[in-house]
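The values are calculated or read from the model by the stated rules, or taken from the named source; none is laboratory data. Source: prediction; values computed, not measured. Cβ placement follows ideal geometry from the backbone for every residue including glycine, while neighbour counts extend to all protein chains displayed.
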Amino acid sequence: MLTVLEIIKRSTEFLQKHGVESPRLNAELLVGHALGLKRMQLYLQFERPLAETELAKIRPLVKRRSEREPLQYIVGTTEFGGLTLKVDRRALIPRPETELLVEIAKEKCAPPPARVLDLGTGSGALALALAKLFPEARVTAVDVSPDALALARENAAALGLAERVAFMPSDWFAALPADDRFELIVANPPYLTDAETRETTPEVQKFEPWNALSSGPAGTEALAVIVREARTRLAPGGWLICETGIAQHAQLLDWMRTAGYASVESRKDLTGRDRFVLAGV
């Protein structure tokens, strides 16, 4: 009979052969998920023989990962801002660098915002993290995708935040009442060019929704709309914070100045790359 360690080693070799990054880590996480064990528990059971019923749970998961399906979709969850979120092919997988947007919002919003708008909410990651951060705020989250909104609502319900966040279908600001104003507007819109999206890893190309990655040939099509229209949607003293592509900041800051924002700012991510633009009124 194969032991836990032996199946981890075999899975690692199999994933490595199929070009999976960090194959050992992926193998451990998949085996642990199949067996219902955390990684530390897994390490304590390396010499335990596996029954055929256990192997039958592991094999299809490893096969899916070898076909480059994202690990998060296979295990069904990811961590974001201290929250465990359900993730699947209905929405983009929240990235760790996006958590910095929540930290920037915390820095800029003093006093805390009364109303928050999350544009293109996807899985609901930003809206739910901000609802947790600002417990008195009324949070509105919009997305053009009915499937993404359904996933976001499931996450809100699972986290006990369904009463705190209003989800609604909208193409950016289009469906919002004309007189709605917000102290904080956040967006992690599609910002890759079509060409960049075609050059992403198989995990992204084959499994994640294209319209959450690219908004057109330039990559700034969605950001142009958001920058232009958010100016009149911000309450006095309010902030717009957007995640962006790393080569777009000069153009975006110019657009923000032209739109009449009182202050504009560029922020880097933890790897030192231009990642966020901020505009205040």
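At a glance:
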{"item": "The stretch 183-213 - residue that is over 20 Å from residue 170 (Cα atoms) and assigned to a loop (DSSP other than H, G, I, E, B) and, of those, farthest from the chain's Cα centre (by Cα)", "result": "199"}
{"item": "Residue match in the stretch 140-148 (condition: of a type in the set (D, E, K, R) and either assigned to a loop (DSSP other than H, G, I, E, B) or not assigned by TED's automatic domain parsing to the domain that holds residue 233 (or both))", "result": "no"}
{"item": "Condition check for residue 279: more than 19 Å from residue 102 (Cβ to Cβ), touching a Phe, Trp or Tyr at 6+ places or on another chain (Cβ under 7 Å) and assigned to a strand (DSSP E or B)", "result": "no"}
{"item": "Test: residue 113 is within 30 Å of residue 18 (Cβ to Cβ), assigned by TED's automatic domain parsing to the domain that holds residue 210 and of a type outside the set (Ser, Thr, Tyr)", "result": "no"}
{"item": "Output for the stretch 50-69, where each listed residue is in contact with a Ser or Thr (Cβ under 9 Å, 6 or more places away or on another chain), farther than 21 Å from residue 200 by Cα and not in a helix (DSSP H, G or I)", "result": "50"}
{"item": "When residues of the stretch 209-219 are limited to those that are touching a residue at least 24 places away in the same chain (Cβ under 8 Å) and surrounded by fewer than 19 Cβ atoms within 10 Å (Cβ to Cβ), the one farthest from residue 252 (Cα to Cα)", "result": "209"}
{"item": "Near pairs, Cβ below 7 angstrom, 6+ apart or cross-chain, from the stretch 52-78 (under 16 Å from residue 28 (Cβ atoms) and touching a residue at least 12 places away in the same chain (Cβ under 8 Å)) to any residue that is in a helix (DSSP H, G or I) and among the aromatic types (Phe, Trp, Tyr)", "result": "62/14; 66/14"}
